[in-house]
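K.L.:
Mind having a look at this structure? Questions to follow.
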Amino acid sequence: MPARARILVVTATAKELAAADGWRTLLCGVGPVEAAAATAAEIQRERPSLILHLGIAGARRSAGIAPTTLVIGSETRYCDLGVAPKWAPNTLVAAPDLVAAAQRALPAAMVLPIGTSGRIGGTVGVDVEAMEGFGVLRAAQRARVPALEVRCISNEVEETDRARWHFDAAFAAVARATPLLVAELARTLGD
């Protein structure tokens, strides 16, 4: 089986999902719980060799990250969990080889921690905020499947007027980035 066929591309919504070109896809739903449950079920059903989680995200205004900037997750932090890490993990560090592959595919992308929260504005200590990453990556980790999160900035976290968010441009950037990422990640699997 070609390496790209062993890669599962996971997004929360159909607008974030590029047309598959030899890779598998999963719409995991919105929020960390839906993302974890759907990803775990898909891993059980069709064990992938690698998971690429893509989507849009917000950035803190103070970070000055422009809309449509791509961000490769150096780690994912679950910001909703209010217990000590000894009880449940709240940070997952990305594998350096996956980050390096994503950087080769997207040389202009930033590499930063990405926070996960079930609510807009719910993250702390990170400049990039999304809603599903930790759920997807934790399900992958539990199943011992390598995984990476890549996001495209669509808005400032503090901007409450969604008419000012750059949804269409961010969705388009994710769609353009997907085949580049899959091709480079497939090389890490031996394609």
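K.L.:
Residues of segment 112-129 being of a type in the set (A, V, I, L, M, F, W, C), crowded, with 24+ Cβ neighbours inside 10 Å and out of contact with any Asp or Glu (no Cβ under 7 Å at 6 or more places or on another chain), which ones? If you could, list the steps in order and put the result at the bottom.
P.N.:
First, pick out the residues of segment 112-129 that are of a type in the set (A, V, I, L, M, F, W, C): 112, 114, 120, 124, 126, 128.
Pick out the ones that are also crowded, with 24+ Cβ neighbours inside 10 Å and you get 114, 128.
Hit for segment 112-129 is VAL128, nothing else.
K.L.:
Is there any pair with a first residue in segment 13-39 that is more than 22 Å from SER154 (Cβ to Cβ) and a second that is at pLDDT below 95 and buried (at least 20 other Cβ atoms within 10 Å of the Cβ) whose Cβ atoms are under 7 Å apart and which are 6 or more apart or on different chains, and what are they?
P.N.:
GLY22/ARG4; TRP23/ARG4
K.L.:
Residues to consider are GLU132, GLU159; find the one that is surrounded by fewer than 18 Cβ atoms within 10 Å (Cβ to Cβ), under 14 Å from ALA57 (Cα atoms) and among the acidic types (Asp, Glu). Steps first, answer last, please.
P.N.:
Numbers: GLU132 fails: surrounded by fewer than 18 Cβ atoms within 10 Å (Cβ to Cβ).
Residue meeting the stated conditions: GLU159.
K.L.:
Within segment 19-35, how many residues turn out to be more than 17 Å from ALA57 (Cβ to Cβ) and either over 15 Å from the mean Cα position of the chain (by Cα) or buried (at least 21 other Cβ atoms within 10 Å of the Cβ) (or both)?
P.N.:
Result for segment 19-35: 7.
K.L.:
Quick check on segment 58-68: of everything there that is in contact (Cβ under 8 Å) with a residue 40 or more places away in the chain and not in a helix (DSSP H, G or I), which residue is farthest from THR188 (Cα to Cα)? Before the answer, list the steps.
P.N.:
To start, the set of residues in segment 58-68 that are in contact (Cβ under 8 Å) with a residue 40 or more places away in the chain comprises 58-63, 65-68.
Next, only the ones that are not in a helix (DSSP H, G or I) stay: 58-60, 65-68.
Numbers: GLY58: 29, ALA59: 29, ARG60: 32, ILE65: 29, ALA66: 30, PRO67: 29, THR68: 26 Å.
That would be ARG60.
K.L.:
Do we have any residue at all in segment 164-178 that's at pLDDT 95 or above, hydrophobic (A, V, I, L, M, F, W, C), part of a helix (DSSP H, G or I) and in contact with a Pro (Cβ under 7 Å, 6 or more places away or on another chain)?
P.N.:
yes
K.L.:
Something else now. Please specify each residue of segment 80-136 satisfying the condition of being farther than 25 Å from ALA183 by Cβ, among the aliphatic types (A, V, I, L, M) and out of contact with any Pro (no Cβ under 9 Å at 6 or more places or on another chain). Talk me through it step by step, then tell me what you get.
P.N.:
Applying the first criterion (farther than 25 Å from ALA183 by Cβ) to segment 80-136 yields 80-91, 113, 115-127, 129, 131, 134-135.
Now drop any that are not among the aliphatic types (A, V, I, L, M), which leaves 81, 83-84, 88, 120, 124, 126, 131.
Residues satisfying the conditions are VAL83, ALA84, ALA88, ILE120, VAL124.
K.L.:
Give me a count of the residues in segment 24-47 that are under 29 Å from ASP127 (Cβ atoms) and of a type outside the set (Gly, Ala, Ser).
P.N.:
Within segment 24-47, residues that are under 29 Å from ASP127 (Cβ atoms) and of a type outside the set (Gly, Ala, Ser) number 9.
K.L.:
Being crowded, with 24+ Cβ neighbours inside 10 Å, of a type in the set (A, V, I, L, M, F, W, C) and either without any contact (Cβ under 8 Å) to a residue 24 or more places away in the chain or not in a loop (DSSP other than H, G, I, E, B) (or both): is that true of LEU185 here?
P.N.:
Numbers: crowded, with 24+ Cβ neighbours inside 10 Å: yes; of a type in the set (A, V, I, L, M, F, W, C): yes; either without any contact (Cβ under 8 Å) to a residue 24 or more places away in the chain or not in a loop (DSSP other than H, G, I, E, B) (or both): yes.
Yes.
K.L.:
Across segment 69-90, which residue is surrounded by the fewest Cβ atoms within 10 Å (Cβ to Cβ) among those that are out of contact with any Asp or Glu (no Cβ under 6 Å at 6 or more places or on another chain) and outside any loop (DSSP other than H, G, I, E, B)? Reasoning before the result, please.
P.N.:
Here is the first cut: in segment 69-90, the ones out of contact with any Asp or Glu (no Cβ under 6 Å at 6 or more places or on another chain) are 69-72, 74-75, 77-90.
The next check asks that each one be outside any loop (DSSP other than H, G, I, E, B); those that pass are 70-72, 74-75, 77-78.
Values: LEU70: 23, VAL71: 24, ILE72: 24, SER74: 15, GLU75: 19, ARG77: 23, TYR78: 21.
Going through the qualifying residues, I end up with SER74.
K.L.:
May I ask you to list the residues in segment 127-153 that are assigned to a loop (DSSP other than H, G, I, E, B) and in contact (Cβ under 8 Å) with a residue 60 or more places away in the chain? Working first, answer last.
P.N.:
Taking segment 127-153 and keeping what is assigned to a loop (DSSP other than H, G, I, E, B), we get 127, 131-132, 143-146.
Hits for segment 127-153 are ASP127, MET131, GLU132, ALA143, VAL145, PRO146.
K.L.:
Additional query: Would you be able to say whether some residue in segment 102-118 is touching a Gly at 6+ places or on another chain (Cβ under 6 Å) and assigned to a loop (DSSP other than H, G, I, E, B)? Can you show your working first?
P.N.:
In the first step, residues of segment 102-118 are kept if they are touching a Gly at 6+ places or on another chain (Cβ under 6 Å); the result is 114, 116, 118.
Filter again for assigned to a loop (DSSP other than H, G, I, E, B), leaving 118.
Yes, segment 102-118 contains a residue that is touching a Gly at 6+ places or on another chain (Cβ under 6 Å) and assigned to a loop (DSSP other than H, G, I, E, B).
K.L.:
Go through segment 42-57 and give me each residue that's closer than 11 Å to ALA130 by Cα and among the hydrophobic types (A, V, I, L, M, F, W, C). Don't jump to the end; show me each part of the working.
P.N.:
Step one: filter segment 42-57 for residues closer than 11 Å to ALA130 by Cα, giving 54-57.
Those that are closer than 11 Å to ALA130 by Cα and among the hydrophobic types (A, V, I, L, M, F, W, C): LEU54, ILE56, ALA57.
The values are calculated or read from the model by the stated rules, or taken from the named source; none is laboratory data. Computed from a predicted model, the values in this text were never measured in an experiment. Every residue, glycine as well, gets a Cβ built from its backbone with ideal geometry; the counts of neighbours run over all protein chains shown.
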